[in-house]
1. Quick one: check the C-alpha center-to-center distance for the stretch 370-427 versus the stretch 111-154, whole angstrom.
2. Suppose each label sits 7 Å from its Cα in the direction of the beta carbon; what would the D263-R245 distance come out to in nanometres?
3. Using packing as a proxy for protection, rank 292-303, 177-188, 353-364 so that the peptide with the highest average count of other Cβ atoms within 10 Å comes first.
4. Using 7 Å Cα-to-Cβ label points, what is the H16/Q450 separation (nm, one decimal)?
5. If I model a spin label at S384 and A337 as a point 7 Å from the Cα along the Cα→Cβ vector, what separation in nanometres do I get?
6. Within a Cβ distance under 13 Å of P89, other residues only, what is the Lys/Arg minus Asp/Glu net charge?
7. Please give the peptides 115-124, 153-162 ranked by average Cβ packing (other Cβ atoms within 10 Å per residue), highest first, as a rough proxy for protection.
8. Summing -39500 (n - 2.57) over the DSSP H runs of n ≥ 4 in the chain and dividing by its residue number, what mean residue ellipticity at 222 nm do you reach, to the nearest 500 deg cm²/dmol?
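Rule-based calculations on the coordinates, nothing more; no lab input. Small disclaimer: the values here were computed from a predicted structure and weren't measured. Neighbour counts are summed over all protein chains in view; Cβ atoms, including those assigned to glycine, are modelled from backbone coordinates with ideal geometry.
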Amino acid sequence: MKHHAVFVCQACGAAHAKWAGRCESCGEWNAIVEEAPSSNAPGGLSAGRSRGGGRKVDFVTLAGESAQAPRRVSGIAELDRVLGGGLVPGAAVLIGGDPGIGKSTLLLQAAAALSTKVPGTCAYISGEEAIDQVRLRAARLGLEAAPVSLAAATSVRDLIASLDRPDAPGTVVIDSIQTMYVDTLDSAPGTVAQVRASAQELIRLAKQRGFSLLLVGHVTKEGMIAGPKVLEHMVDTVLTFEGERGHQFRILRATKNRFGPTDEIGVFEMTDSGLTEVANPSALFLAERSGEVAGAAVFAGIEGTRPVLVEIQALVAPSALGTPRRAVVGWDSGRLAMVIAVLEARCGLVLAGRDVYLNVAGGLRIGEPAADLAVAAALVSAASDRPVPAQSVVFGEIGLSGEVRAVSQSDARLKEAAKLGFTQAFLPSPRGKAQRSSSGIERRDIGHLQDLLAALADPVRSSRAAEVI
Ligand code: TYD
Ligand code: MG
């Protein structure tokens, strides 16, 4: 029987009868590669073929003894926490982020930290920069003495030849996966087929030799990790390194993690001598606050396991446009539209014909619905030109009828606020019996959005109802 060659799109997996520059099913360019036809006709394995041949699979129960994967701790606490307690041997981690955000800096610092602990355990492969450039950066970071094995290489075949040995390093950093190429493919480095094939080879080797693989991935203009989406499926952990260009804060976030939580963040500050860990992000995010101004509210949020306080700023201005602008930085624009609609429909606040701008200070991105009430407070304060009382924090989720719902971990939020010197909190009424805590914060229960408007309009009268907890 004659086998015809098949042409498979490396981005979506569609099979074509002949080669084409563009895949008809997903539209990807340069992703179609000739593959050897599989030896089985469709339906082959079970149909027709002799029974037996395959080995019996052993089924086990869900309960059982499995050794916990040992972790390689880098000593950079913010990185280790986001990874779920350190690097896992044999696992692959993809780190994405905008150009110039600090991926190479972070990984060089991690490589230096890891290899200082156990010399010779970390290899840093640079495909983007020459040896001299990496050395210059190391000197700038004061890390030139760290025993990192440095190489500039882009051929995956060369890397496999150097790393496929029993004494392979414990951690391998590839900066970046878009510069690597497999010489059996014709397409240029950085194309979907090359990125996928290179990552596949390196990940296979990492599993086989038990080293932790750290891959740097570029991000496209749309903010996606460049290359096939399959890259994110192939690795065990996907981290994104984000931050605003003008700010010195950098946030490392796990968006996928087979070995740990995905809602954890690590906060860094970019300084002249590299990235430094920020152990207390709230203090940093609130550092530039300027007392009582209208349109600002401090949100007591939770990122991963840590409470983080951040200022939410709103500006409401008369609009010159037929359709007023609603611009958001750091929060979901759909959620802002909802809060505005609830304020208009349930509380009679008029924002039609006025532009609304919302900004989360410090470059943080908030995903928690608990920020609803803080956004509402900032909007009400901006619209009425009355400041939210200084030294107060706000949190709570808003429902469509204007009711304010309880959120999780309110105790942790209050404790963090008290630690930073805040004295009162606008928060949802407690479900059932209120838990007494010793945070010493004056508690302003908000059951409905109208209570918030009343409290902001007349802070003295409504504070009589307040209760210190
Ligand atoms: P880099 O790690 O090269 O970013 P990426 O690999 O994500 O493209 O970071 C480059 C930026 O960081 C560059 O604009 C300079 C700045 N930087 C510092 O501010 N301090 C430092 O100590 C270093 C090494 C870089
Ligand atoms: Mg770089």
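1. Result: 46 Å between the Cα centres.
2. About 3.3 nm, to one decimal.
3. Sorting 292-303, 177-188, 353-364 by mean packing, highest first, produces 292-303, 353-364, 177-188.
4. 6.3
5. 2.7
6. Value of the local net charge: +3.
7. Top to bottom by mean Cβ count within 10 Å: 115-124, 153-162.
8. Taken over the chain, the calculation gives -7500 deg cm²/dmol.
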